[in-house]
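Below is one structure, written out as structure tokens; the observations come after it.
The values are calculated or read from the model by the stated rules, or taken from the named source; none is laboratory data. Since the model is a prediction, treat every value here as computed from it, not as a measurement. In this analysis, Cβ positions are derived from the backbone assuming ideal geometry, glycine residues included, and neighbour counts consider all displayed protein chains.
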Amino acid sequence: MGDLIVGLDIGTSKVCTIIGEGDKSGELHIIGIGYYPCNGVKKGVVVDIDETAYSITKSIEQAERMANQKISSVYLKIYGGLTTIYKNNGVVAVSREDREITKQDVDRVLQAAKIIAIPSDKEIIDVIPLEYTVDGYGEIKDPVGMAGIRLEVNAAIVTGSVTAIQNMGKCVRKAGLEIEGIVVGPLATSEAVLSRDEKELGVALIDVGAGVTDISVFKNGSLIYSSMIAVGGWHITNDLSVGLKVSFEEAENIKKRYGTLEKVAPEKLEPIKITSLAGKSKTTTDINEISDIIEARVSELLMLVYDKLEEAEVLEDIVTNVVITGGGISFLKGNVELAQKIFNRNVRIGAPQNIGVATPIYSAGVGVVKYVYKNKKFIYNLQGSDKKERKSSKLVNKLKEIFSDFWA
């Protein structure tokens, strides 16, 4: 058995657990999946620790049964919209006498890049190398093995909200688990749904969940923009509930069964029976009325995303595709065509390609596992030396050490 990697995606409507395992040939296999409803998170922030911890426990139990493995630790996804990216440089002298750059030199220069003043309510959770420079020669992706005297890095320092991270950490620990590391949502999801060419040339990733939408842009292989809006799939459900005068639960069922932005010719319309809020009388609607309500909210959501990208002046960086993922709107018929009109770019739905999880609702969870597997050597090297010390620490200190020392 290889090393297990467990990704945990705590969302507004569900907790998703993905267990991955690498084989001897270096292939990553998904061996466990857990999915359980959650009502303890609003707008990406924990509002009920007990409720969220219970959902985590149930999701973990499902994945454990499927994988026939016992889980003790996880890698946790944090919404990109709860993070802030700073740019900073790090410089070190190459340590070896023969001037060959080693992984230790890379670790040291990344640590040097972390020396930056950040607000007291933020914690460093990731350091992303954008470009290495060796003795003045730049645009280097991996300097290990090269010869030089001076090693520099231009890095993106990703910080997260201390409050949001600590509360998520409390939920995870209340479920009896340890946190191995934190992965920023867009970085994780991009591993599951974006191609290398898209991230190099320029792509937008729109991850629409139940309560929030994570927005990110990648260029030259790096995350250059991340934001979030507090609108998601549940807002469509709420509009259906109000517009059709049905319960939220029935509105959700209507959305899943009849969700579309496409219209039908009047002569082809058929009545759709629905139950009123009173729960006694039966009324009817039709697919066009449902479509009108859904289209209005999806259009608003996509326009809010467009405005965010325009305000950040990153629209011109999107030269390939706009990729929509997550369970919020991905399954709605006609959403791609509407998005193409709004963004004036190619649009596609993104989902993992692994068997059993090839649906947008698993994009973030699968992405966490893939991201950690891809970068596990760096993660383990940086975390291994102080594991014993972290185990004896109190919760807050433990989280701070994990987050400040973790990079992928």
Suppose we keep only residues that are among the charged types (D, E, K, R) and touching a residue at least 24 places away in the same chain (Cβ under 8 Å) within the stretch 253-305. Which one would you say is surrounded by the fewest Cβ atoms within 10 Å (Cβ to Cβ)? K256
Scope the stretch 48-103; condition among the β-branched types (V, I, T) and part of a strand (DSSP E or B); matching residues: V74, I78, T83, T84, I85, V91, V92
Of all the residues that make up the stretch 179-227, how many are surrounded by fewer than 20 Cβ atoms within 10 Å (Cβ to Cβ) and under 11 Å from T325 (Cβ atoms)? 0
Mind listing just one residue for me: the one in the stretch 27-47 that is part of a strand (DSSP E or B) and small (G, A, S) and, of those, surrounded by the most Cβ atoms within 10 Å (Cβ to Cβ)? G34
Quick one: would you say N88 is farther than 30 Å from Y36 by Cα, touching a helix residue (DSSP H, G or I) at 6+ places or on another chain (Cβ under 6 Å) and of a type in the set (S, T, N, Q)? yes
Report those strands (runs of 3 or more DSSP E) wholly inside the stretch 138-235 carrying at least 1 residues which are farther than 17 Å from V15 by Cα and either at pLDDT 95 or above or hydrophobic (A, V, I, L, M, F, W, C) (or both). 150-161, 203-208, 213-219, 222-229
T17 being in contact with a helix residue (DSSP H, G or I) (Cβ under 6 Å, 6 or more places away or on another chain), part of a helix (DSSP H, G or I) and under 23 Å from P186 (Cβ atoms): no
Index of the failed condition, K24 passing every other in (1) in a strand (DSSP E or B); (2) out of contact with any strand residue (DSSP E or B) (no Cβ under 9 Å at 6 or more places or on another chain): (1)
Quick one: would you say G7 is touching a Gly at 6+ places or on another chain (Cβ under 6 Å), modelled with pLDDT under 95 and either of a type in the set (A, V, I, L, M) or crowded, with 19+ Cβ neighbours inside 10 Å (or both)? no
Within the stretch 281-296, residues being within 17 Å of N238 (Cα to Cα), assigned to a helix (DSSP H, G or I) and not hydrophobic (A, V, I, L, M, F, W, C) number 4
Residue under evaluation E249, criteria (1) more than 30 Å from S72 (Cβ to Cβ); (2) touching a residue at least 12 places away in the same chain (Cβ under 8 Å), criterion not met: (2)
Just for the stretch 319-342: of the residues that are of a type outside the set (S, T, N, Q), buried (at least 16 other Cβ atoms within 10 Å of the Cβ) and closer than 19 Å to D197 by Cβ, which one is farthest from the chain's Cα centre (by Cα)? V322
Residue in the stretch 64-121 that is nearest to the chain's Cα centre (by Cα), counting only those that are crowded, with 22+ Cβ neighbours inside 10 Å, closer than 30 Å to I215 by Cβ and hydrophobic (A, V, I, L, M, F, W, C): I78
Verdict on G148 being over 20 Å from the mean Cα position of the chain (by Cα), surrounded by 17 or more Cβ atoms within 10 Å (Cβ to Cβ) and more than 26 Å from I78 (Cβ to Cβ): yes
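Name the single residue that is surrounded by the most Cβ atoms within 10 Å (Cβ to Cβ) among those in the stretch 306-318 being in contact (Cβ under 8 Å) with a residue 40 or more places away in the chain and not in a helix (DSSP H, G or I).
I318
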